Amino acid sequence: MMGMWWLFQESPGTIVATSDIQTEDIDDLESHLFESSTKCEAHNVNASKICLMTEYLLKEKCIPCLQDIPLKLRTQEEQPPSCFVPKEGTCPYCPGPTPPALDPYEVITTQATVYGISYVRKGISVAVKRCPTCANIVRFQEYSSGFHNFNNRVLITIPLCELLLSGLANKTTSGRMLDTLSFFNDNRYHHQTLRKAFHHFLALTKFQFDFFCFQCGYHPAVVIADANWKLAFDVPLGTFKRPDPDTLSEKDLQVDIVKSWSDLNKSQIAEGLISGTTVANPFSTSVRHSTLAPWMGEHTRVGNVLPKTEAKKAM
């Protein structure tokens, strides 16, 4: 009750008088309060511009796999600069061969926060550039600098991203890794915000899927996927309802994993672009039993369409 009273005083629009509150609304509460305290100038963007920027980041700003990143870049943290400025000089959205030069950079916030393994720096400036022809925005997104930009308010160091990724490889969740760092360096990490920033990093990262069984090769008879969706997705409450066998079609039992996981990556990338705006995520889809199937490398699967019989378990 004390918490509800405080929220009603400090953020009146947060408490909704309805019983149909989705899981993602509760998970986003901490991120909403945190982002409201870090001011950032909003730009005039719409769904089409968000799609254009998402495609550009996915194509031109991909992060190579762990083996291709220099050891120093992924293990040694640098102090953040006073201002993060995009390096592009010409508009990447206008067609060539001579795209127009971008306007001088404009500082949109001086209250950004950089999270690292050994430090948390606040009061960092972030700038963007605007195209005078198409009015699209270009933001800072350079992994080679040692920093990953999530939403112009929150940036995380590449070594922190690699540490969280190595934790997942050793069956340690990102939340436990952040708790360990909090005890180690006496810094406070906003788990929900950093979880989204880390997923944003993963969506831009190229991975090598070289699964191989020494007895079966690339095509084992049985593959068991061990995962906890609750730690990775905001699953709606309706997902846990018993499916109706009369309305279940063959389409619900098959998933094009290439398209599904590509759309999921785009949704994660777009989250960093729509933050602070009123634009809905154009790539957002509800996660249900038939939405995704475990990813399998191209050498392991027969095709892009895989069976998904999770819904039959509840019949």
Next item on the list: Could you tell me which residue of the range 296-315 is farthest from residue 203 (Cα to Cα), considering only residues that are modelled with pLDDT under 80 and surrounded by 14 or more Cβ atoms within 10 Å (Cβ to Cβ)?
Entry: 311
Notebook entry, point to check: Does any residue in the range 82-105 that is more than 28 Å from residue 122 (Cβ to Cβ) and in a loop (DSSP other than H, G, I, E, B) come within less than 8 Å, Cβ to Cβ, of a residue that is of a type in the set (A, V, I, L, M, F, W, C) and open to solvent by 50 Å² or more (accessible area, probe 1.4 Å) six or more places away or on a different chain, and which pairs are these?
Noted result: 89/101; 91/101; 93/52
Check: Within the range 181-200, is even one residue hydroxyl-bearing (Ser, Thr, Tyr), crowded, with 19+ Cβ neighbours inside 10 Å, part of a loop (DSSP other than H, G, I, E, B) and in contact (Cβ under 8 Å) with a residue 12 or more places away in the chain?
Finding: yes
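Condition test on residue 126, is it modelled with pLDDT of 90 or more, among the hydrophobic types (A, V, I, L, M, F, W, C), open to solvent by 20 Å² or more (accessible area, probe 1.4 Å) and touching a strand residue (DSSP E or B) at 6+ places or on another chain (Cβ under 9 Å)? Step through it out loud before you land on a result.
Values: modelled with pLDDT of 90 or more: yes; among the hydrophobic types (A, V, I, L, M, F, W, C): yes; open to solvent by 20 Å² or more (accessible area, probe 1.4 Å): no; touching a strand residue (DSSP E or B) at 6+ places or on another chain (Cβ under 9 Å): yes.
Answer is no for this residue.
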Check: Filtering the range 112-123 down to residues that are of a type outside the set (S, T, N, Q) and in contact with a Lys or Arg (Cβ under 9 Å, 6 or more places away or on another chain), which residue is surrounded by the fewest Cβ atoms within 10 Å (Cβ to Cβ)?
Finding: 120
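Has the range 135-153 got any residue that is open to solvent by less than 50 Å² (accessible area, probe 1.4 Å) and over 20 Å from the mean Cα position of the chain (by Cα)?
At the first step, the residues of the range 135-153 found to be open to solvent by less than 50 Å² (accessible area, probe 1.4 Å) are 135-142, 145-153.
This time we only want the ones that are over 20 Å from the mean Cα position of the chain (by Cα), so: 135-136.
So far as the range 135-153 goes, yes, one or more of its residues are open to solvent by less than 50 Å² (accessible area, probe 1.4 Å) and over 20 Å from the mean Cα position of the chain (by Cα).
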Note to self: Restricting to the range 154-168, and then to whatever is open to solvent by 10 Å² or more (accessible area, probe 1.4 Å) and in contact (Cβ under 8 Å) with a residue 24 or more places away in the chain, can you tell me which residue is farthest from residue 114 (Cα to Cα)?
What the structure shows: 165
Checklist line | Residue list for the range 212-228, filter: at pLDDT 75 or above, assigned to a loop (DSSP other than H, G, I, E, B) and either within 28 Å of residue 163 (Cβ to Cβ) or touching a Pro at 6+ places or on another chain (Cβ under 8 Å) (or both) | finding: 212
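The values are calculated or read from the model by the stated rules, or taken from the named source; none is laboratory data. Predicted model, so just to flag it, every value in this text is computed and none were measured. Using ideal geometry, Cβ is built from the backbone for each residue, glycine included, and neighbour counts are taken over all protein chains shown. For the accessible areas, the whole protein counts, side chains as well, though only heavy atoms, and no ligand, DNA or RNA atoms are used. Shrake-Rupley method; radii C 1.70, N 1.55, O 1.52, S 1.80 Å.
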